[in-house]
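The values are calculated or read from the model by the stated rules, or taken from the named source; none is laboratory data. Worth saying up front: this structure is predicted, and the values here are computed from it rather than measured. Don't worry about glycine lacking a Cβ; one is built from the backbone with ideal geometry, like all the others, and counts go over all protein chains shown. What goes into the accessible areas is simple: the full protein's heavy atoms, side chains included, and nothing from ligands, DNA or RNA. Shrake-Rupley method; radii C 1.70, N 1.55, O 1.52, S 1.80 Å.
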Amino acid sequence: MPKPFRAVFVRALTGDRARGRLIAGGLHLPCALGPAGIVVDKREGDGATPRAALKIRRVWRRADR
C-alpha cells in the first residue's frame, strides 16, 4: 500500500497562469487552474484558484489527458 503524502503543492507555470504543476512527494503532474491564476483574495466567479491550505476531499482525473 502506498504511503499518503504529507503535503501537496500547486505552482502556476511561468507564462501561463491557467496551467500549473501539482507536486506531491516525487510526483510532478500537470494540472489546470482558473483562468485568472492563483490569487490570495478569491471572490466568487472571478475565475481564480485560491491560494490557501485546504483539505483534499476528492481528486478528478481524465484518462484521455
Candidates Arg17, Arg11, Arg21, filtered to the one that is assigned to a strand (DSSP E or B) and in contact with a Pro (Cβ under 7 Å, 6 or more places away or on another chain): Arg21
Any residue in segment 14-25 that is open to solvent by 60 Å² or more (accessible area, probe 1.4 Å), within 12 Å of the chain's Cα centre (by Cα) and hydrophobic (A, V, I, L, M, F, W, C)? no
Restricting the search to segment 12-31, which residues are farther than 15 Å from Ala48 by Cβ and not aliphatic (A, V, I, L, M)? Thr14, Gly15, Arg21, Gly25, Gly26, His28, Pro30
Does segment 29-43 contain at least one residue that is in a loop (DSSP other than H, G, I, E, B), loosely packed, with under 10 Cβ neighbours inside 10 Å and among the small types (Gly, Ala, Ser)? no
Subset of segment 25-42, residues closer than 11 Å to Arg11 by Cβ and of a type in the set (Val, Ile, Thr), comes to Ile38
In segment 44-53, anything open to solvent by less than 100 Å² (accessible area, probe 1.4 Å), outside any strand (DSSP E or B) and more than 12 Å from Arg17 (Cβ to Cβ) is listed as Gly45, Asp46, Ala52
Which pairs have Cβ atoms under 7 Å, sit 6 or more apart or on different chains, and link a residue in segment 54-65 that is open to solvent by 100 Å² or more (accessible area, probe 1.4 Å) to one that is at pLDDT 80 or above? Ile56/Val8
Could you tell me whether Val10 is in contact with a Lys or Arg (Cβ under 6 Å, 6 or more places away or on another chain), at pLDDT 90 or above and of a type in the set (A, V, I, L, M, F, W, C)? no
